[in-house]
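> Before anything else, here's the structure in question.
The values are calculated or read from the model by the stated rules, or taken from the named source; none is laboratory data. Model, not experiment: these values are computed from the prediction. In this analysis, Cβ positions are derived from the backbone assuming ideal geometry, glycine residues included, and neighbour counts consider all displayed protein chains. Side chains included, ligands, DNA and RNA excluded: accessible areas come from the protein's heavy atoms. Shrake-Rupley method; radii C 1.70, N 1.55, O 1.52, S 1.80 Å.
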Amino acid sequence: MTKPDISVIIPLINEEESLPELVQWIERVMSENAFTYEIIMMDDGSTDKSWEVIMGLRAHNPRVKGIRFRRNYGKSAALNIGFQECIGNVIITMDADLQDSPDEIPALYKMIVDDGFDIVSGWKKKRYDPLSKTIPTKLFNWATRKMSGINNLHDFNCGLKSYNSEVVKNIEVYNEMHRYIPVIAKWAGFRKITEKEVVHRERKYGTTKFGLERFVNGFLDLLTIFFVSKFGKRPMHFFGVLGTLAFFSGFFLTIYLIGEKIYNSYHQVYERNVTDQPLFYLALVTTIIGVQLFLAGFLGEMISRNASERNSYGIKQKIGFE
């Protein structure tokens, strides 16, 4: 099967009104630029007539493909399955609400094919969102830049992105991790990441599907990505270090209390009982925490060594194995 130039992956939920206009727009752009393409529409458990619309679009254009989830699993799940199923040389992701413009596709494609980038992320510099959405977005983008070291991206969460096909076949997106795909890709070894300023259009149909809780979940997912990428294959390096520091802190406090008790007893200096001193309980707590953290690291190592993907690494090229 000949690979198409572009795979367009569109996660959606309850977007029956916008889908015909969006597909028609994409078809026009592809035709004007002589691109071969496929459109993969990921129906994430819609309760309206979105799936019927997708089937109708498929009947008129065999390049339109659809995958329907039994229930709503989230955008990350939709993108992950779309990445598995797509066959294009360049993958474009975009939202189904018509706020992303398909007219951006040729430039995004060129930046991957001609300029050699792994990922090009859209930057909606001028947004048509309320302050309750834009302010938290700026905060999380700032935090993501600081934690990931990807300082040249302003909008990690923009749905309009383009990818080299090698990227999407070597990363896994789950939970709410779609916000941090550039971070996941960087830690998978894909470092040619840039952004392109794109047009943000006002929503034409329906209402937004995201609430404020996504920002709390997004921050927790960022911590998860940071931890797993750094210590996923060596948890003892995290828990063991913390456990050792805590244990020895408690150990030295205990030595200090014992030494002080012996000194005061020898010189017949009155003092409170050891168990009446706050340092005794601090030494006890830090010692116990140290042991628990060390055991957590040990168990993490045992689990990691028995995981099926423990020796799964990103191999860029092979030679001589044909």
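> Name the trypsin sites (Lys or Arg not before Pro) in segment 256-306 that are in a loop by DSSP and that have at most 15 other C-beta atoms within 10 Å, would you? If you can, show how the numbers build up before the last one.
Values: sites: K261, R272, R305; in loops: R272.
Those that pass, being in a loop and sparsely packed, are R272.
> Which of the chymotrypsin sites (Phe, Trp or Tyr not before Pro) across segment 260-293 are loop residues per DSSP, with 11 or fewer other Cβ within 10 Å? Show your work: numbers first, answer last.
On the way: sites: Y263, Y266, Y270, F280, Y281; in loops: Y270.
Here the chymotrypsin sites (Phe, Trp or Tyr not before Pro) that fit, given the DSSP loop and packing criteria, are Y270.
> Hey, another quick one. Given the whole protein assembly as supplied and a 1.4 Å probe, what does the accessible area of F227 come to in Å², nearest 10?
About 60 Å², rounded to the nearest 10.
> Would you compute, for the Cα atoms of segment 240-283, the largest minus smallest coordinate along each principal axis and list the three values in descending order, in whole Å?
41, 17, 7
> Bin by bin, in steps of 5 Å, what percent of the Cα pairs in segment 1-159 do you find, going until the bin that has the longest distance?
P(r) over segment 1-159, rounded to whole percents: 2, 8, 17, 19, 21, 16, 11, 5, 1, 0.
> Ranked highest first by the average count of other Cβ atoms within 10 Å around their residues, in what order do 113-121, 135-143 fall? The partial results should precede the final answer.
Details: 113-121: 18.2, 135-143: 15.2.
Per-residue Cβ counts within 10 Å, averaged per peptide and sorted highest first, yield 113-121, 135-143.
> Accessible area of segment 1-118 with a 1.4 Å probe: how many percent of it is carbon plus sulfur? Before the final figure, lay out the partial values.
Numbers: 2530 of 5210 Å².
That fraction is 48 percent.
> Report the gain in length on full extension from S265 to F251: 0.36 nm times residue separation, minus Cα-Cα distance, nm rounded to one decimal. Mind dumping the intermediate values first?
Working: separation 14, 0.36 × 14 = 5.04 nm, distance 2.12 nm.
Separation in residues times 0.36 nm, less the Cα-Cα distance, equals 2.9 nm.
> What are the semi-axes of the equivalent ellipsoid of segment 1-83, taken as the square roots of 5 times the eigenvalues of the Cα gyration tensor, listed largest first and rounded to whole Å? Mind showing how you got there, number by number?
Numbers: eigenvalues 92, 44, 20 Å².
Square roots of five times the eigenvalues give 21, 15, 10 Å.
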